[in-house]
Structures are given as C-alpha cells and as structure tokens.
1. Pull up the cross-link candidates among the lysines for residue 257, meaning alpha carbon to alpha carbon under 18 Å and not fewer than 8 places away within one chain.
2. All other residues with a Cβ under 12 Å from the Cβ of residue 57 taken together, and with Lys, Arg as +1 and Asp, Glu as -1, what is their net charge?
3. Is there a quick way to get the dipole size of the range 11-134? I mean about its Cα centre, with the Cβ of Lys and Arg at +1 and of Asp and Glu at -1; what is the value in debye to the nearest 20?
4. Need the C-alpha centroid separation for the range 156-179 versus the range 196-263, integer Å.
5. About the Cα centre of the range 124-281, what is the dipole size in debye to 20, counting +1 per Lys and Arg Cβ and -1 per Asp and Glu Cβ, all else neutral?
6. Can you tell me the order of 222-232, 77-87, 189-199 when each peptide is scored by its average per-residue count of other Cβ atoms within 10 angstrom, highest first?
7. Give me the one-decimal nm value for the distance between modelled label points at residue 163 and residue 96, 7 Å along each residue's Cα-to-Cβ direction.
8. Once you treat every alpha carbon in the range 147-256 as an equal point and sum by Debye, what is log10 I(q)/I(0) at q = 0.16 Å⁻¹?
Amino acid sequence: MDSILVTDLCKTLGDFTLDHVSFCVPQGRIVGFIGENGAGKSSTINLILDELSADTGEIKVFGESNSHCSVRNDIGVVFDECNFHDVFNARLVGKMLSGIYSSWDDELYYDYLKKFKIPEKKPIGSFSKGMKMKLSIICALAHSPKLLILDEATTGLDPVVRDEILDLFLEFIQDESHAIFFSSHITSDIQKIADYVILLHQGKVIFEEQKDDLIDHYGILKCRRSEFSSLSPDDYLIFRQVNTGIECLVKDKEQAKRKYMNMIVDNATLEDIMLFYIKGGTPCED
C-alpha cells in the first residue's frame, strides 16, 4: 500500500493551477518534492492535509480518503516555521499535545528533548531557529506517526543542524512501515536522503524518478554551437545556450560519452537537472 496516492489532482488558486498532478509515496521510502518557489508544492501539501479542497482528482492516505479522520493520527507534519507561541516552553507544548493525540508518547518526547538538548522550561522565543525546528520535528514524531510530511523543514538552518535533522529522518524511515514526503528547494538535502524525486514546475509534474537513477545516469553534455547540429535529438532531453556553447541534459551519460567522444559529458546533480527544466531550456520535441 502507498502511504500517499495522488491521482489527477487539479486545483485553481487565482491565476495558478495545479494541473492533473499524480504521484505516489511508497511505504518505507523518502520521496523528495522539488521545484521553484511558486511551483505548487505547498498547495499540494495543503490539499493532502485536507486544508484545501481539490477541484477534481483523488488523494488517498494509507488507502483511505485524505479527509477520513482515522488517518490524521498517523501523520506528522513539519512546516518551515515553528508554530508554537514564544511564551510557551517545551514542557507545556508536550502537555498540550498529549491531550490532542491519542497516541502521544511522553517518554519518547522527553527522550528526544534530551537527545537534541532542547531545554524543557525555557521559553520558545529564546530558542534559535535550529532549536525551534528540532522541537517541531520532535513534536511530529512523539505521537508515533507512520508518515512525515515536511514542507521546507530544513530551510534557513546551518549545515550542522541540517545534518542532525536529516539523520533523524533516516532513523525514522528504518521502520519500513514509515514514509516521508519531503518538500524542499534545498536539493542537496533531497539528494542525500531521498529514494524518489518528484519535480513540480508551474503546477505540473515534470518527472517522478528514483533518485539513484537520476544521479547515476543523467549527465550534462557540453558542445560548441557549431557541433550541436551533429547531435541526435534522441540523445538528449533538453538543451540550453550558455556563453561557452550548448549544454544538453542527457538521460544516459555513459552512452553519450561513447557516442560523442570529442565532447565533454559531466555528472549532473539534482540541482542541475531541476535548473535545466526551470530556467527555460528547450526540450527535445518528439
């Protein structure tokens, strides 16, 4: 069973439209959700959480409609800002949340506070951004969810704190009944921990791929403008003009190296791949 299954999701918000968005989040996997600001990532998450109503399409969580009350205890949600009032402290937050979630685990909560050195009695307003984010994630985990939904949860954090939090996500996913849906524009975080990657651009899913396939197989072929006409359109996905010539995103870098031995073929990062689509490259026409 998929933790999340989105099928032909459409939603118009002013002059923006999510256009027949479909994807899945398998159990036991981390799925990275990437795209530029304004691509529709947060709107998609709000639809999954039933904070918005879809115009058309279907969203299932653990095989049930996302509006079904029984699925909500099994979802932990973390946004890019801590939503607890500055005058609260971690002890008061734990007490409040224990009355909301039937599956709240006080022992687990305080174990996490100790592990991540979050003070119990200091006001949250005195916390650093990293401490606030850790507290938000601890709260999301302390009611033992099966699914974590993260919307820019590592944005604005220093590299050391981000690394700690990514390790926590990897620890969470060791239970193969768990899953993480991780929206972020920090593609290096997605590249480090995700099993699958979905690219959303202008409200449409551009691809849904295994992360390792993207990193292991995709590449960037570089050639002079005079050489570009010698390339077969079947050998690249999209191209763009740069000061030094033409760069092409290829789906099989080893094949490209063998076929075009006089041209440079570099590895492509997840950020490289995303930017090819977002910054207005020219796709190869079928």
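What follows is calculated from the coordinates using simple rules that are stated; it is not laboratory data. Here the structure is a predicted model, which is why all the values come from computation and not from measurement. Please note: Cβ atoms are built from the backbone with ideal geometry, for glycine as well, and neighbour counts cover all protein chains shown.
1. 222
2. Local net charge: -2.
3. Here the size comes out at about 760 debye.
4. Comparing the Cα centres of the range 156-179 and the range 196-263, I get a distance of 31 Å.
5. 640 debye
6. Packing order, densest peptide first, comes out as 189-199, 77-87, 222-232.
7. A separation of 3.4 nm, rounded to one decimal place.
8. At q = 0.16 Å⁻¹ the computed log10 ratios are -0.86.
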